[in-house]
Amino acid sequence: MPHSMDREYAERAIPQYERAVERAGGEAVRIPLDKPPAEVMKIIEGCDGVLLPGSKADVDPARFGAERSAQTAVADPGRDAVDDLLLRSAYQLRKPILGICYGLQSLNVFRAGSLIQHIPDFLPEELRGRVNHEAGKKVAVAHAVEIDGESKLARIVAPASNSGAGALPDERMPAAQPGGRLVVLVNSSHHQSADRIGDGLRVAARCTDDGIVEALEGTAPDHFVLAVQWHPERSVDADEASRAIFRALIGAAGQKN
């Protein structure tokens, strides 16, 4: 679940993720944030993959050894505790992982990485106004993201540029650029991002306008680990690349059976 303290928000947010998982052929299982660890682990044991959703909280900066910024939102210890259980299990058993927005940040901190607590405070003045990373869910396309052409993420979304059926507006399609670069247009609802990259992770994509990290992936060839800073669950009806991300998670989970 997205948040342990704001139940209304969590119940409002979770159906989009469930629908995206189910559309890709998976079964969505809600992991509660208010149960004892032993009870949570019993639920986790029956799952073949992990999806870490977004959240209105921010990761406690004490977890990566930083002082709290005035812009940092209240932490959600209940969510962080369950994320840690999910990630520990997933890494031990090689279950596939997909992190979305807060889920990317949670994954990076779990792997001993750190976060930029407020992007405008981090960027040089000449870059601050180029992208509104906090554009919100009402803005379908907030900015462009450049995906590393050698990344696993590129192999997932690149076929979407050659897909005919179901591919909606052309401007949302991945576009190959000179030098093997792949550019996609994405939504955006965050004010934090990865800073120091966690152990066993690598940068898979950055914002084309300001270089902010937009995707991470695992370096181990035998373990599907992917996290994106945007919200593909919001755009599964609008573009093939978003659908491909969820299909990749479900495909990897199916291989665990």
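Of the set (1) crowded, with 17+ Cβ neighbours inside 10 Å; (2) in contact with a Cys (Cβ under 8 Å, 6 or more places away or on another chain); (3) within 20 Å of Arg247 (Cα to Cα), all apply to Ala20 but (2).
The lone criterion from (1) surrounded by fewer than 19 Cβ atoms within 10 Å (Cβ to Cβ); (2) on the phi < 0 side of the Ramachandran plot; (3) not in a strand (DSSP E or B) left unmet by Ala112 is number (2).
Just one of the listed residues (Leu33, Leu107, Leu93, Leu86) is open to solvent by 70 Å² or more (accessible area, probe 1.4 Å) and out of contact with any Phe, Trp or Tyr (no Cβ under 8 Å at 6 or more places or on another chain), namely Leu93.
When the range 115-133 is filtered for residues that are open to solvent by less than 30 Å² (accessible area, probe 1.4 Å) and in a helix (DSSP H, G or I), only Ile119 remains. Given the conditions (1) at pLDDT 95 or above; (2) within 15 Å of the chain's Cα centre (by Cα); (3) assigned to a loop (DSSP other than H, G, I, E, B), which single one is not true for Val145? Condition (3) is where Val145 drops out.
The numbered conditions (1) at pLDDT 95 or above; (2) of a type outside the set (A, V, I, L, M, F, W, C); (3) loosely packed, with under 14 Cβ neighbours inside 10 Å are all true for Gln192 except (3). Summed over the range 225-245, residues that are under 24 Å from Val131 (Cβ atoms), in contact with a Gly (Cβ under 8 Å, 6 or more places away or on another chain) and outside any loop (DSSP other than H, G, I, E, B) total 4.
Tell me, which helices (runs of 4 or more DSSP H) lie completely within the range 1-109 with 1 or more residues that are farther than 26 Å from Ile197 by Cα and out of contact with any helix residue (DSSP H, G or I) (no Cβ under 6 Å at 6 or more places or on another chain)?
Numbers: elements: 7-23, 37-45, 77-93.
Helices (runs of 4 or more DSSP H) meeting the threshold: 7-23, 37-45.
Just checking, how many residues over the range 208-224 are under 19 Å from Gln105 (Cα atoms), modelled with pLDDT under 95 and either of a type in the set (Asp, Glu) or not in a loop (DSSP other than H, G, I, E, B) (or both)? Counting residues in the range 208-224 that are under 19 Å from Gln105 (Cα atoms), modelled with pLDDT under 95 and either of a type in the set (Asp, Glu) or not in a loop (DSSP other than H, G, I, E, B) (or both) gives 1. Filtered by the rule that a residue be in contact with a strand residue (DSSP E or B) (Cβ under 8 Å, 6 or more places away or on another chain), open to solvent by 10 Å² or more (accessible area, probe 1.4 Å) and farther than 25 Å from Gln92 by Cα, the range 196-212 gives Arg206, Thr208, Asp209.
Test Asp76 against the criterion of being touching a residue at least 40 places away in the same chain (Cβ under 8 Å), acidic (Asp, Glu) and more than 27 Å from His223 (Cβ to Cβ), and give yes or no. For Asp76, the condition - touching a residue at least 40 places away in the same chain (Cβ under 8 Å), acidic (Asp, Glu) and more than 27 Å from His223 (Cβ to Cβ) - is not met. Being more than 14 Å from the chain's Cα centre (by Cα), part of a helix (DSSP H, G or I) and within 19 Å of Leu87 (Cβ to Cβ) is the requirement here; does Ala248 meet it? Spelling it out, it is not the case that Ala248 is more than 14 Å from the chain's Cα centre (by Cα), part of a helix (DSSP H, G or I) and within 19 Å of Leu87 (Cβ to Cβ). Hey, among the residues in the range 208-257 that are among the hydroxyl-bearing types (Ser, Thr, Tyr) and touching a residue at least 60 places away in the same chain (Cβ under 8 Å), which one's farthest from Glu22 (Cα to Cα)? Of everything passing the filter in the range 208-257, Thr208 is farthest from Glu22 (Cα to Cα). If you go through the range 180-189 and keep only what is small (Gly, Ala, Ser) and either surrounded by fewer than 19 Cβ atoms within 10 Å (Cβ to Cβ) or more than 18 Å from Ile119 (Cβ to Cβ) (or both), you end up with just Gly180.
The values are calculated or read from the model by the stated rules, or taken from the named source; none is laboratory data. Model, not experiment: these values are computed from the prediction. Positions of Cβ are generated from backbone atoms using ideal geometry, with glycine treated the same way; all protein chains shown enter the neighbour counts. Please note that ligands, DNA and RNA were not included when accessible areas were found on the heavy atoms of the full protein model with its side chains. Shrake-Rupley method; radii C 1.70, N 1.55, O 1.52, S 1.80 Å.
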